[in-house]
Every structure is written in C-alpha cells, then in structure tokens.
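Read-outs: derived from the displayed coordinates by stated rules, not from any lab. Predicted model only: the values in this text are computed from it and were never measured. Here the Cβ positions follow ideal geometry from the backbone for every residue, glycine too, while neighbour counts run over all protein chains shown.
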Amino acid sequence: MLDLSVYPAIAWPLFLRVRQTLGGPPEIADLEGAVEAAVASQAHRIEAGKTYAIGVGSRGIARLADIVEALIRALRRRGADAFIFPAMGSHGGATAEGQKEVLETLGVTEARMGVPIRARMDARPLAEVEPGLTAYASVDALEADGIILVARVKPHTAFHGPIESGVCKMLAIGLGKQRGASSVHAVGFARFAEVIPKVARTVLEHIHMPFSLAIVENGHDRPALVEALVPDGLEAREAALLEKARAWMARLPFDQIDVLVVGEIGKNISGDGADPNVTGRYAPKGVSGGPDVQKLVYLNLTLETHGNGMGVGMADIVTEQLYRQLDLAKTYTNAFTSTEMIPAKIPVVMPNDHDAIELALRTLNGRRPEAARVVAIPNTLKLEEMVISEPLWAEAEQKGCVRLTDPEPARFDERGNAPVLAGLRLYADR
C-alpha cells in the first residue's frame with residue numbers, strides 16, 4: 001500500500017462548514033394520516049377478507065417502517081390482511097435470508113409490522129415482453145389476493161427518461177426477484193427508459209394491483225408526498241411525480257470540484273452507493289449530469305448495506321476500512337444482475353481517511369493542494385450542511401450558502417481516521 005510519509009509534506013487547505021437552502025415542501029407532519037388518506041382514496045379497491053402482498057424494496061426511504069406499518073393498519077381497518085415480501089431484485093446477495101436481513105435493517109421486521117415476511121427468491125415467468133425479455137413476478141406475491149408496492153419516486157442513477165425509479169421500476173425489476181432483474185438488465189441501461197414502462201405494462205396484465213404507494217421526498221430526504229397510484233394512468237402520474245422529485249432533489253451547489261469526499265456509501269443511500277446525480281459519476285455510457293469532479297474519495301460503507309459495495313468502482317480512491325467492509329459475493333451478485341461491472345471494481349486503496357484525502361490532493365491536475373476546491377459530505381442524501389475548502393467560499397456565498405464556521409484545519413484520530421472537518425463528522429462510529 002502506498003506510504004505517503006516518504007514524500008515531501010504538502011499544505012492542505014482550511015475547511016469551513018456551510019449550509020445551503022434545499023428545495024421542496026416541508027416533511028409531512030402526520031405521516032400515518034397521509035398514508036390513511038392515500039389508502040382511503042382507493043378504499044373501494046380493497047376487499048375485506050382478502051390478503052395483500054406488500055412489496056418493500058432495499059432503498060433507505062425516510063421513515064419506511066412507519067409508512068409500511070401505517071399501510072398495514074389501513075388495510076386492516078378495512079377488514080383485509082397482509083404480508084410483506086422483499087421487492088428488491090438481487091439485493092441482499094440474492095438470497096431469502098439476505099433480503100429479509102436488508103428489510104430488518106431498515107426497520108421492517110415481523111415483530112414490528114405484525115405480519116409475516118415471505119422472502120423466497122422463486123419467481124414465475126409471466127409473459128414474454130419481446131424476444132429475449134421475459135417479465136417475472138415473485139411466487140410469494142402471486143399467492144396473495146393482490147399486490148401493493150411501496151416505492152419512492154426519484155431520478156435514477158443510470159438512465160434518464162419520463163419514468164425512472166418508482167412503482168414502474170419496482171414492477172419491472174424488484175417484483176421479479178433476481179430472475180426478473182437479470183432479464184430486464186440484460187437489455188442494457190440505454191433502453192431502460194423504453195423498457196421499464198413496457199415491462200411494467202406486461203406485469204400489470206398478469207397481476208392484481210389495486211394500487212401502490214408512491215413516496216416523493218423533499219431536499220432534506222424526508223417524505224413530502226404520499227399518493228396511491230392505480231394501474232389506470234400509472235405512467236402519466238408517475239412521470240408527473242418524477243418531475244416533482246427532480247425539482248425537490250438536493251444537489252451540490254458547485255459545477256467544478258477538485259476533490260469530493262463522501263463519508264459513506266451504501267444501497268440504502270443509492271443504487272450506486274452514492275447518487276451519481278450528486279457525484280457526477282455515472283457507470284453507463286451516455287448518461288451525464290451533476291458536477292465535474294476531478295477526484296472522488298469514498299471512506300466507508302453504511303452498516304445497512306451489509307457489505308454490498310456496488311458503486312465503489314466509481315470512486316478514484318477508497319480507504320482500507322471500506323475495502324475490508326466489502327462483501328464481494330453480494331457486490332458481484334449485484335453487478336452480475338445489473339450487467340454493469342465498473343461499479344464493482346476496486347479503486348486505489350489507502351490505509352486511512354487522511355491518506356485517502358491527501359492522495360486526492362497530491363494527484364490533482366492544474367491545482368496546488370492548498371488551493372484545492374474540496375467538498376466533503378456524509379453521504380449523497382445529506383446535503384443541507386457540507387464542508388468546503390476555503391478557496392470555494394466566495395463561490396458558495398454567491399450561490400446563497402450560509403457560513404457556519406470559521407476556516408480551520410482538518411482533524412483525524414490517532415489512526416488517521418474519523419475525520420472531523422469544520423465540526424462535521426463524515427460518518428458514524430463503527
């Protein structure tokens with residue numbers, strides 16, 4: 001491993017913490033009331049005495065457990081029952097135990113929900129969508145009287161179109177377990193904008209979905225809208241919600257960044273560990289957006305990702321601790337299913353946080369380390385407060401950011417880890 005101590009010392013920039021104003025309406029104050037209102041709007045579609053399969057994915061939707069619990073109560077108030085099944089394609093290592101563990105980490109447990117979690121990986125082929133592309137659905141879900149999905153509508157990390165992440169994608173990919181996810185990903189991300197709605201339409205012809213819950217979060221990563229979407233008009237309504245999500249989504253206020261440091265990545269943060277709409281690093285060709293980042297550094301995996309480091313390959317530099325946290329079987333299973341190998345590649349590994357950041361500073365082109373434009377964030381969901389280097393302050397002020405601290409040096413523990421930049425800790429204690 002590279003030892004930077006044998007090289008002449010360099011000067012680091014000073015760091016200050018700033019706050020930006022994020023978009024979107026405030027968080028829903030009465031979340032259970034919002035879920036009840038959404039269900040009530042489609043109450044005529046719920047039949048007493050029937051059992052509904054609730055599909056829950058692997059994304060770290062804010063207050064996900066509260067939403068699912070409220071949905072179950074709303075169904076039971078109408079005389080129906082439910083069970084939960086993981087609707088997450090190949091995540092969790094493409095095993096029943098792994099997918100159930102992912103749900104439990106997100107707070108969706110049998111004890112709290114009061115219903116069973118049925119996590120079998122078996123999926124049944126429903127129909128051929130086009131030559132070489134088959135739609136699948138979870139056998140567990142098909143055994144219910146109806147299927148209700150809980151999905152966050154949000155810009156996707158690997159393609160752009162009128163419909164990206166949301167109910168349609170969960171119908172096309174998550175519902176079909178590993179077989180369904182693999183079938184859709186085999187066509188390639190370049191066709192996803194066309195294929196996701198096409199597969200979703202085919203699935204809806206073969207299942208009973210009374211409605212599904214769509215959640216849109218504000219720039220603070222908090223639920224700002226909950227709506228019941230029905231099959232009739234699903235695509236048009238989801239496209240409208242995506243526009244809201246895109247407008248409300250938090251982004252970094254800079255177009256050019258020399259070093260971007262991300263405290264932690266994980267599947268609960270983004271399908272690519274860190275959202276490319278924030279980092280500017282996309283795996284598929286032809287997809288762009290976000291800032292131009294010269295060096296990207298990842299420090300840790302989230303606990304909730306259970307070792308799945310999909311997206312790690314988008315970084316230039318990672319730490320040894322992140323490398324040791326990787327479960328390569330889970331990461332490679334995800335890469336195999338998605339057909340994208342680049343996000344699973346291992347970047348340059350440095351012994352600690354300090355050296356990972358210093359290597360990024362030392363290898364900049366056209367910029368002295370002490371003059372580097374550095375941004376540091378805990379993860380790509382938490383963007384209200386961030387740390388920037390002093391050379392970025394003038395631009396940050398022009399962009400409407402508020403200064404929270406005076407410039408100060410970076411601090412690390414005795415091992416060169418646990419960075420505290422301008423009073424902001426970049427990741428929780430492990």
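Would you mind checking Lys244/Lys399; Lys169/Lys399; Lys177/Lys382; Lys169/Lys295; Lys154/Lys198; Lys198/Lys267 for any pair whose Cα atoms are more than 28 angstrom apart?
Lys169/Lys399; Lys177/Lys382; Lys169/Lys295
Could you line up Val216, Val287, Val184, Val6 from fewest to most neighbouring Cβ atoms inside 10 Å?
Val6, Val287, Val216, Val184
Just how far, in whole angstrom, is the stretch 308-354 from the stretch 82-151 if you go by their alpha carbon centroids?
About 26 Å separates the Cα centre of the stretch 82-151 from the one of the stretch 308-354.
Taking Cα pairs under 8 Å and at least six residues apart, what relative contact order does the chain come out at, in percent? Numbers along the way, then the final one.
On the way: 1008 pairs, mean separation 89.7, N = 430.
Computed value for the chain: 21 percent relative contact order.
Ranked highest first by average number of other Cβ atoms within 10 Å, how do 81-87, 371-377 line up?
Result, highest mean first: 81-87, 371-377.
Measuring from label point to label point, each 7 Å out along Cα→Cβ, what is the Asp122 to Val139 span in nm?
According to this spin-label approximation, the distance is 0.2 nm.
Under a cut-off of 19 Å between alpha-carbon atoms, report the aspartates and glutamates in cross-link reach of Lys285, not counting same-chain residues fewer than 8 places apart.
The reachable aspartates and glutamates, counting only those whose Cα sits under 19 Å from Lys285, are Glu164, Glu194, Asp272, Asp275, Asp316, Glu340.
Which value in nm describes the separation of the simple spin-label points at Leu22 and Leu404, placed 7 Å from the Cα toward the beta carbon?
It works out to 1.1 nm between the two label points.
Whose amide H sits under 5 Å from the amide H of Met350, counting only residues 5 or more places off or on another chain, with H placed in the peptide plane?
Close amide H contacts, sequence-distant or interchain: Val318, Thr319, Glu320.
How many angstrom lie between the C-alpha centres of the stretch 395-430 and the stretch 41-63?
One Cα centre to the other: 41 Å.
In whole Hz, what ³J(HN,Hα) sequence does the stretch 40-56 give by Karplus (6.51, -1.76, 1.60; θ = phi - 60°), x for Gly and Pro?
4, 5, 10, 4, 5, 8, 9, 10, 4, x, 8, 10, 10, 8, 9, x, 10
Could you tell me whether the chain comes out rounded, prolate or oblate from its Cα gyration tensor? Rule is a ≥ b ≥ c as square roots of the eigenvalues, rounded for a/c under 1.5, then prolate if a/b exceeds b/c, otherwise oblate. Display every interim value, and only then the final one.
Working: a/c = 2.06, a/b = 1.76, b/c = 1.17.
Prolate is the answer for the chain, as a/c is 1.5 or above and a/b outweighs b/c.
Just to be sure I understand: of the beta bridges DSSP finds with both ends in the chain, what percent are antiparallel, rounded to 5?
45
Step through the residues of the stretch 249-261 one at a time and calculate ³J(HN,Hα) from phi using the Karplus curve (6.51 cos²θ - 1.76 cosθ + 1.60, θ = phi - 60°), rounding each to whole Hz and writing x for Gly and Pro.
Per residue, the Karplus-derived 3J(HN,Hα) values read 4, 6, 9, 6, x, 10, 8, 10, 10, 6, 10, 10, 9 Hz.
Quick one: net charge around Trp248, please, counting Lys, Arg +1 and Asp, Glu -1 for every other residue with C-beta under 11 Å from its C-beta. Provide the component values of the computation, followed by the final result.
Values: positive: Lys154, Arg222, Lys244, Arg246, Arg251; negative: Glu217, Asp221, Glu243.
Every neighbour counted, the sum reads +2.
Let me make sure I get this right: for the stretch 31-248, a, b and c are the square roots of the gyration tensor eigenvalues over alpha carbons, sorted descending. Under 1.5 in a/c it's rounded, otherwise prolate if a/b > b/c, else oblate. Which is it?
rounded
Within the stretch 254-290, list the residues whose amide N lies under 13 Å from a label point set 7 Å along Cα→Cβ of Arg246.
Only 288-290 pass the distance filter.
Compute the separation of the alpha-carbon centres of the stretch 176-206 and the stretch 18-39 and state it in Å as a whole number.
Between the Cα centre of the stretch 176-206 and that of the stretch 18-39, the gap is 30 Å.
Can you give me the relative contact order of the stretch 31-248 as a percent, contacts being Cα pairs under 8 Å and 6 or more apart?
Once normalised by length, the contact order is 22 percent.
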